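See structure below.
The values are calculated or read from the model by the stated rules, or taken from the named source; none is laboratory data. Not measured: the values here are computed from a predicted model. Cβ placement follows ideal geometry from the backbone for every residue including glycine, while neighbour counts extend to all protein chains displayed. These accessible areas exclude ligands, DNA and RNA; they are computed on the full protein's heavy atoms, side chains included. Shrake-Rupley method; radii C 1.70, N 1.55, O 1.52, S 1.80 Å.
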Amino acid sequence: GFSPDKMDQLTACRKREREEEVKAAEDETRMGREEVCYVLGDASADTCSYGRGHLRQPIFACLTCYPEGDRGFCLACSLTCHDGHLVEEIFTKRGFRCACEGSRAAGGKCLLVPEKDESKNFPYNKNFKGLYCTCVKPYPDPSMTEEEQEMHQCVACEDWFHTKCIEPKPAHFGDWDEMVCQGCADKYPFLARYAREPDGDGVLEDLPACFSQCPSSANDSKTGGRYLFFNLSWRMAICSCISCKAKLNELKISFLADPTDSVAAFEQRGREKLENEAIALIQQHGAKRARSSSEEQARASSSSSTDSSSSSRREIKANQIGEMLQQALSDCLAPGTETAPLIQGFDASAQREFATQYAELSAGLTELVSQSRGGHLTQEQLLGFLSNLRK
């Protein structure tokens, strides 16, 4: 047989196993939710972002309503106005304002913000037709392996490029924070002075930080179709003198000198949103528990005289649970009882299962007692527990 100490050990072991299983499931759900929140940043699934103006946000395109690729819209409109359509997720782009005109099949009015004064001056490109990279192929592309079709975004033009198509690859490929595609590297050759060396940690071009007064042909070498890779701190290294700022504005790439423009900063806003939601839930739960505790105390106070005078409501303390179950088990196994021959005929496997069920029963009753008023369990509650157990 099993001694009370052995039963307590089995109970504790089973409880730890259940707690570990629940925690693992919660962690998996939380990690999935966190990943989604990071990608979506501080975007709302219910409110159209049109009122927030031009900002970095996740963008979607509807190939059902706008196959020509000249319209994009926010997360909320993708879920409301274009639900059930062929929607392309384009991830994030800067300076975008929701241009949803609703479903063309439903009359062409946004369901969330019907009146929008948004022109088509956003630099729409092939991404809004579901095509990416220099190969002009979709994502995912069934002709590529999962590793080959992993996508990387250029921080200048914000097009996306397949891993397979990025050539030549540096020795540190994957160990970098931001990238400039070969087209933008040729268009803005001075960026090479901030990029990492293909086979080291130094900068690609050992040139002065100030670039505005230097003719490109004389001081900035062409990259020759080479992709540029950067550490996250590279934006802080861009020269901030008046001349260089003017040059960046002239080229319409002043955003590169802004650390808050990065996708990393965007994802950080997603983390903060998730943390704020968690804090709000904790505070809400705390307030609810405080109300419940107050109401429970009031009920306990009003019924204390009735409980103390009722002889039919025999109270059972938590530390009596094990003793009661041990006695019940002894009675069940005692010679002469109807169940004794059946239980005594259990093989080793059945005995272990019986011990496990016994431990779970003990744990369930102990939990029931801990949740009851004042740490006590009435006879009616115990009978209700056993009745539910039989069901």
task: Could you please let me know if G72 is at pLDDT 60 or above and under 19 Å from D117 (Cα atoms)?
output: yes
query: Since N127 meets every condition but one in (1) assigned to a loop (DSSP other than H, G, I, E, B); (2) surrounded by 14 or more Cβ atoms within 10 Å (Cβ to Cβ), which condition does it not meet?
result: (1)
- prompt: Which condition breaks for E115 when tested against (1) without any contact (Cβ under 8 Å) to a residue 12 or more places away in the chain; (2) in contact with a Ser or Thr (Cβ under 9 Å, 6 or more places away or on another chain)?
  reply: (2)
query: Can you name every residue in the range 174-199 that is open to solvent by 60 Å² or more (accessible area, probe 1.4 Å) and assigned to a loop (DSSP other than H, G, I, E, B)?
result: D175, D177, E197, D199
- request: Could you grab me the full set of residues in the range 158-168 that are open to solvent by 30 Å² or more (accessible area, probe 1.4 Å) and either among the polar types (S, T, N, Q) or part of a loop (DSSP other than H, G, I, E, B) (or both)?
  value: E167, P168
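Any chance you could count how many residues in the range 95-125 are basic (K, R) and either outside the structural domain of C65 (by the TED database) or touching a Lys or Arg at 6+ places or on another chain (Cβ under 9 Å) (or both)?
Residues of the range 95-125 that are basic (K, R), as a first pass: 97, 104, 109, 116, 120.
Keeping just the survivors that are either outside the structural domain of C65 (by the TED database) or touching a Lys or Arg at 6+ places or on another chain (Cβ under 9 Å) (or both) gives 97, 116, 120.
Final tally of qualifying residues: 3.
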- line: Among (1) at pLDDT 90 or above; (2) open to solvent by less than 20 Å² (accessible area, probe 1.4 Å), I90 falls short only on (1)
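Rundown of residues vs (1) touching a residue at least 12 places away in the same chain (Cβ under 8 Å); (2) open to solvent by less than 30 Å² (accessible area, probe 1.4 Å); (3) in a strand (DSSP E or B); (4) aliphatic (A, V, I, L, M), yes/no style:
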site	(1), (2), (3), (4)
L111	yes, no, no, yes
F122	yes, yes, no, no
C135	yes, no, no, no
P142	no, no, no, no
E146	no, no, no, no
A156	yes, yes, no, yes
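For the range 79-94, give me each residue that is free of Cβ contacts under 8 Å to residues at least 60 places away in the same chain and within 30 Å of S254 (Cα to Cα).
If we filter the range 79-94 for residues that are free of Cβ contacts under 8 Å to residues at least 60 places away in the same chain, which is where we start, we get 79-90.
Answer for the range 79-94, where residues must be free of Cβ contacts under 8 Å to residues at least 60 places away in the same chain and within 30 Å of S254 (Cα to Cα): E88, E89, I90.
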task: Sort through C244, C210, C239 and tell me the only one that's crowded, with 18+ Cβ neighbours inside 10 Å, at pLDDT below 90 and in contact with a Ser or Thr (Cβ under 8 Å, 6 or more places away or on another chain).
output: C239
task: Check off (1) open to solvent by 20 Å² or more (accessible area, probe 1.4 Å); (2) at pLDDT 90 or above; (3) part of a loop (DSSP other than H, G, I, E, B) for G1 and give me the number that stays unchecked.
output: (2)
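Consider C100 carefully, then state whether it is touching a strand residue (DSSP E or B) at 6+ places or on another chain (Cβ under 9 Å) and either under 22 Å from A45 (Cβ atoms) or not in a loop (DSSP other than H, G, I, E, B) (or both).
Numbers: touching a strand residue (DSSP E or B) at 6+ places or on another chain (Cβ under 9 Å): yes; either under 22 Å from A45 (Cβ atoms) or not in a loop (DSSP other than H, G, I, E, B) (or both): yes.
Yes; evaluated as a whole, the condition is true for this residue.
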field: Condition met for A61 (touching a residue at least 40 places away in the same chain (Cβ under 8 Å) and either touching a Phe, Trp or Tyr at 6+ places or on another chain (Cβ under 8 Å) or not in a strand (DSSP E or B) (or both))
entry: yes
- request: State whether the residues of the range 69-82 include one that is under 21 Å from C154 (Cα atoms), acidic (D, E) and not in a loop (DSSP other than H, G, I, E, B).
  value: no
message: Taking the criterion of being within 22 Å of F161 (Cα to Cα) and hydroxyl-bearing (S, T, Y), would at least one residue in the range 87-100 satisfy it?
response: yes
